[in-house]
Amino acid sequence: MICLTLAEPTLERAKEKVQKNREYIDLCELRLDYLDEKEQKMASHFPSMVDLPVILTFRRVQDGGHTQISEKSRRAILFQALDGDFSYVDIEEDVKKSEIEDKAREKGIRIIRSLHDFEKIPDDIFSKIFHMAEKGDIAKVAVTPRSFLDVLTLFRAEEELKGVEKIVIGMGEYGVCTRILYKRLGSLLTFASDEEVAPGQISAHKLKVEYMADQVNERTAIYGIIGNPVMHSASPLLHNRGFHAINFNAIYVPFLVDNVRSFFMFAEYFKMRGFSVTVPFKVDVLSYLGNVTREVKQIGSCNTVVRVPGMWKGINTDYYGFIKPIMNDIESGRIKNALVIGAGGASQAIVWALRNYGVKVTILNRTLSRAENIARLNLCDYDSIENASSYSGSVDLIVQTTSVGLYPDVNQNPIEGFKFTGSEIVYDIIYKPRMTKLLEEAGKAGCTLHFGSEMLIEQGKLQFEAFTGYHYPRWVDPGL
Ligand code: ATR
């Protein structure tokens, strides 16, 4: 079940949020601590204002609540609200037997016993959950993983607590995957918001439409992307849309990871068949791979890991994604030489890809030694980025691989003042914004342009094939 948290000042506003998200949610949680004082007194009417089950909650400040209020008053408001037809009431696990509990039991309202920890995962979390659920209540723990190893602990909840009715939520950015894969934690429900305003929140729309999180079952194959940061990644949209379109029972999840080792433990535990790798782990994963393709070996970085019998295999689809959009121009001889701006990880793969097809390359970089290193490995020339203008009129292809011009610094151009003749093909691998300052200037001069999103889509489609064995469905918009 997907539960929309309602943190609104009035019941009417809360009702509007329910209506707006109605098709994505199964129930909602009315947070009395966000309601205006006058509205709190009328909260008992809320269940009859909406057409789905409602959880009644008045969070204390120490548990992340919004209103400073005496415990006596808080309980009195909760007690009064219970006159309404709520389906569940949230009572903190340290609240001793109370009149709220008695009233809820009398009325057949299910009790959710809750425990919050904004700093860590408390010791003994499984025995705590077990005790909280003892009286036939639903145990809820909202805790904060501080590493991916902590996340792994939460995912063990299902195995450790089979048959216990529970809600398990990992808060913060590490916890995002627990909210999406809630069913694989054995969690009865997951909490969603209307909009994503704080780190770790996910909108109801995203959970229901993009991830189809409520459709996950024990046979659903888990795929994903590891990175740090990772939440901005466009890959989940591309892969999930592809999976849904071909009826492939799989889900693709962003995993914020602090070290690769703990993620491989997760991947083994859930028998993952593959995952994508982004910055800064493209080199770190290499030592866990039993087999790599020629590209990975040559480039020294891997963006796709797939399961093959007995081991993990590394593939590099960045290389293919980059080259595919300009392949015809290389094969026809229109591109014979290239200027590659930048000498980071992305440049390494791109320079190798171009050299692999016989294109002559000059690397320009701010730090000359980094350009020299890549040039030496790939038999090409290198120069300082300050000399960019001297190459005007003598190159067929210009590839921009630095982070200069990336959102939010959209007005920057790493080769400001470069004179385009109009015959160059200019390719910027930045995809946000689509039209970078560099591309804009090249476009004005009449150059042929290639966008970062082309590379992203092509590498993603090849990855999809490696994951599923099927082509990416042609009729699907990968969302970029
Ligand atoms: P990636 O793996 O995405 O390629 P990276 O390895 O951090 O990222 O490389 C970033 C590239 O952008 C480098 O070429 C870097 O130049 P330096 O090697 O001199 O650091 C380049 N870059 C970043 N900021 C830059 C700036 N303000 N001006 C020029 N180049 C810049």
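So here's what we get for this one:
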| quantity | calculated |
| --- | --- |
| Failed condition for Ile91, given (1) modelled with pLDDT under 95; (2) within 24 Å of Thr144 (Cβ to Cβ) | (1) |
| Search result, residues across the stretch 182-234 that are among the acidic types (Asp, Glu) and assigned to a loop (DSSP other than H, G, I, E, B) | Asp194, Glu195, Glu196, Glu218 |
| Cross-chain or 6+ apart pairs with Cβ under 7 Å, the stretch 290-309 first and among the acidic types (Asp, Glu), then in a helix (DSSP H, G or I) | Glu295/Tyr319 |
| Pairs, first assigned by TED's automatic domain parsing to the domain that holds Gly172 and closer than 19 Å to Ala7 by Cα in the stretch 194-221, second part of a loop (DSSP other than H, G, I, E, B) and of a type in the set (D, E, K, R), C-beta under 9 Å, six or more apart | Gln201/Glu195; Ile202/Glu196; Ser203/Asp194; Ser203/Glu195; Ser203/Glu196; Ala204/Asp194; His205/Asp194; Lys206/Glu196 |
| Selection status of Gly136, modelled with pLDDT under 95 and within 22 Å of Thr57 (Cα to Cα) | yes |
| Criterion violated by Lys313 - all others in (1) charged (D, E, K, R); (2) outside any strand (DSSP E or B); (3) away from the ligand (no atom under 16 Å from the Cβ) satisfied | (2) |
| Tabulated pairs, the stretch 347-370, first in contact (Cβ under 8 Å) with a residue 60 or more places away in the chain, second more than 9 Å from the ligand (Cβ to nearest atom) and β-branched (Val, Ile, Thr), C-beta under 7 angstrom, 6+ apart or interchain | Ile350/Val340; Ile350/Val399 |
| Any chance Lys271 is within 16 Å of the ligand (Cβ to nearest atom), over 16 Å from the mean Cα position of the chain (by Cα) and among the basic types (Lys, Arg) | no |
| Wholly enclosed strands (runs of 3 or more DSSP E) of the stretch 50-131 bearing at least 2 residues not assigned by TED's automatic domain parsing to the domain that holds Glu160 | none |
| Subset of the stretch 274-294 [surrounded by 21 or more Cβ atoms within 10 Å (Cβ to Cβ) and more than 16 Å from the ligand (Cβ to nearest atom)] | Gly274, Phe275 |
| Some residue of the stretch 178-192 being crowded, with 23+ Cβ neighbours inside 10 Å and basic (Lys, Arg) | yes |
| Residue list for the stretch 421-431, restricted to those being part of a loop (DSSP other than H, G, I, E, B) and touching a residue at least 40 places away in the same chain (Cβ under 8 Å) | Ile429, Tyr431 |
| Condition met for Val308 (over 17 Å from Glu454 (Cα atoms) and either within 16 Å of the ligand (Cβ to nearest atom) or out of contact with any strand residue (DSSP E or B) (no Cβ under 7 Å at 6 or more places or on another chain) (or both)) | no |
| Ser423, sole failed condition from (1) of a type outside the set (Val, Ile, Thr); (2) surrounded by fewer than 21 Cβ atoms within 10 Å (Cβ to Cβ); (3) within 16 Å of the ligand (Cβ to nearest atom); (4) on the phi < 0 side of the Ramachandran plot | (3) |
| Counted residues, the stretch 391-409 - those being within 14 Å of the ligand (Cβ to nearest atom), assigned to a loop (DSSP other than H, G, I, E, B) and of a type in the set (Val, Ile, Thr) | 3 |
| Qualifying residue in the stretch 176-193 (condition: without any contact (Cβ under 8 Å) to a residue 40 or more places away in the chain and over 30 Å from Ala104 (Cβ atoms)) | no |
| Within the stretch 368-383, considering residues that are in a helix (DSSP H, G or I) and in contact with a strand residue (DSSP E or B) (Cβ under 8 Å, 6 or more places away or on another chain), the one farthest from the ligand (Cβ to nearest atom) | Asn378 |
| Residues of the stretch 334-357 classified as in a strand (DSSP E or B) and more than 9 Å from the ligand (Cβ to nearest atom), total | 4 |
| Matching entry among Lys297, Lys282, Lys324 (being outside the structural domain of Thr448 (by TED's automatic domain parsing) and either closer than 25 Å to Gly405 by Cβ or in a loop (DSSP other than H, G, I, E, B) (or both)) | Lys282 |
| Boolean, Ala267 is small (Gly, Ala, Ser) and either modelled with pLDDT of 95 or more or farther than 30 Å from Ala14 by Cα (or both) | yes |
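Okay, residues lined up against (1) in contact with an Asp or Glu (Cβ under 9 Å, 6 or more places away or on another chain); (2) within 14 Å of the ligand (Cβ to nearest atom); (3) under 15 Å from Ala338 (Cα atoms):
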site: Val359; (1), (2), (3): yes, no, yes
site: Ile363; (1), (2), (3): yes, yes, yes
site: Arg366; (1), (2), (3): yes, yes, no
site: Ile385; (1), (2), (3): no, yes, yes
site: Ser389; (1), (2), (3): no, no, yes
site: Glu416; (1), (2), (3): yes, yes, no
site: Asp428; (1), (2), (3): no, yes, yes
site: Glu440; (1), (2), (3): no, no, no
site: Cys447; (1), (2), (3): yes, no, yes
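The values are calculated or read from the model by the stated rules, or taken from the named source; none is laboratory data. Note that the structure is a prediction, hence the values are computed from the model and not measured. Positions of Cβ are backbone-derived with ideal geometry, glycine not excepted, and every protein chain shown enters the neighbour counts.
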